[in-house]
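The values are calculated or read from the model by the stated rules, or taken from the named source; none is laboratory data. Keep in mind the model is a prediction, meaning the values are calculated, not measured. Note that we place each Cβ from the backbone using ideal geometry, even for glycine, and neighbour counts take in every protein chain shown.
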Amino acid sequence: MDQDHPYSSNEDAIERILKFICRKEGLRDHLADDFCQWTRLKLIDNDSAILRSFKGEASFKTFLVTVIGNKYRDWLDSQYGKFRVTAKAKKLGPIATTLERLILRDQMPYEEAAQMLVSKGVARSIRECDEIWGQLDHHERRRFVSDELLENHQASPSVDPMEDEERQRLTRKVHALLVAVIAELPPEDSLILRLKYWDRVSVANIAKLQQTDQKPLYRRFEQLLKRLERDMVARGVSIDEIRHLFDGLGMNPDDFEDEGGK
């Protein structure tokens, strides 16, 4: 490893491992792009501190595979929140637990997940997958969202429990709509929003990842947040509810007006 430039001098190996993980985990299209860009940013963050932590206990290739594999799990957590397979799936065995991970955590269509298990030899046939999935009683696919996104919306102890429960229900409903609206944006817009507000990545580092100047990004974030406001109002959410949620997540379009002029 070139210690002076640990990312650029090992970029080919990093890209090969990223592609391998995407194939192995069945990531395609915008999800694959999202994971790869997210991981590249993590690898260059803080002057490639992760890569510079290599101590030589194993080969650098093995080190890279381990690091990027760990980043894949971190990316899943950032996308869907912490995930645990159900007790029933554990009882039924590896077919059930793998199906839950692919379908509930990774949001993969059932047909694609079942075919993947058959092609990898985890299941003997699609019929076997059907029989096991039918025992798990999952009638809907769910999107898991990190509880950290709602930590700023906890009620004070003096709030009436009934009012608190209703307020939290409304907050979760509005937040779920925000997640859905962001998911409908072009992949690059969706990615930079999640990097800044989900993962708290600085605008400077996002600009570095996008290979663009920092200044235009401020205006872009301002425009994106105002677009989110308009889209959510169009879906029946009041501007007060939107602003309350945005304030809790630090998503204030006015914050960029002065910064964009710097």
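If I ask for residues that are in contact (Cβ under 8 Å) with a residue 60 or more places away in the chain and within 30 Å of Asp137 (Cα to Cα), which ones from the stretch 34-78 would you list?
Asp77, Ser78
If Arg84 passes every condition in (1) at pLDDT 80 or above; (2) out of contact with any Gly (no Cβ under 6 Å at 6 or more places or on another chain) but one, which one does it miss?
Every listed condition holds for Arg84 apart from (1).
Give Val145, Val203, Val159 a once-over and let me know the one that is modelled with pLDDT under 65, of a type in the set (Val, Ile, Thr) and in contact with a Phe, Trp or Tyr (Cβ under 8 Å, 6 or more places away or on another chain).
Result of the check over Val145, Val203, Val159: Val145.
Any chance you could count how many residues in the stretch 92-116 are free of Cβ contacts under 8 Å to residues at least 60 places away in the same chain and assigned to a helix (DSSP H, G or I)?
Qualifying residue count, the stretch 92-116: 16.
Residue by residue, here is whether (1) assigned to a helix (DSSP H, G or I); (2) of a type outside the set (Val, Ile, Thr); (3) buried (at least 17 other Cβ atoms within 10 Å of the Cβ) holds:
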| site | (1), (2), (3) |
| --- | --- |
| Asp12 | yes, yes, no |
| Ala32 | yes, yes, yes |
| Arg40 | yes, yes, yes |
| Gly56 | no, yes, no |
| Lys61 | yes, yes, no |
| Asn70 | yes, yes, no |
| Arg84 | no, yes, no |
| Lys90 | yes, yes, no |
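Among (1) in contact with a Phe, Trp or Tyr (Cβ under 6 Å, 6 or more places away or on another chain); (2) modelled with pLDDT of 90 or more; (3) under 25 Å from Leu117 (Cα atoms); (4) not β-branched (Val, Ile, Thr), where does Leu18 come up short?
Condition (1) is where Leu18 drops out.
Would you point out which residue out of Gln79, Gln115, Gln107 is crowded, with 18+ Cβ neighbours inside 10 Å and more than 19 Å from Ile14 (Cα to Cα)? It would help to see each step written out before you state the result.
Working: Gln115 fails: crowded, with 18+ Cβ neighbours inside 10 Å; Gln107 fails: crowded, with 18+ Cβ neighbours inside 10 Å.
Result of the check over Gln79, Gln115, Gln107: Gln79.
Among the numbered criteria (1) surrounded by 13 or more Cβ atoms within 10 Å (Cβ to Cβ); (2) in the same structural domain as Phe20 (by TED's automatic domain parsing); (3) in a helix (DSSP H, G or I), which one does Ala49 miss?
Every condition holds for Ala49 apart from (1).
Within the stretch 11-44, track down each residue that is of a type outside the set (D, E, K, R) and over 15 Å from the mean Cα position of the chain (by Cα). Write out each step before concluding.
Narrowing the stretch 11-44 to residues of a type outside the set (D, E, K, R): 13-14, 17-18, 20-22, 26-27, 30-32, 35-39, 41, 43-44.
The answer is Ala13, Ile14, Ile17, Leu18, Phe20, Ile21, Gly26, Leu43, Ile44.
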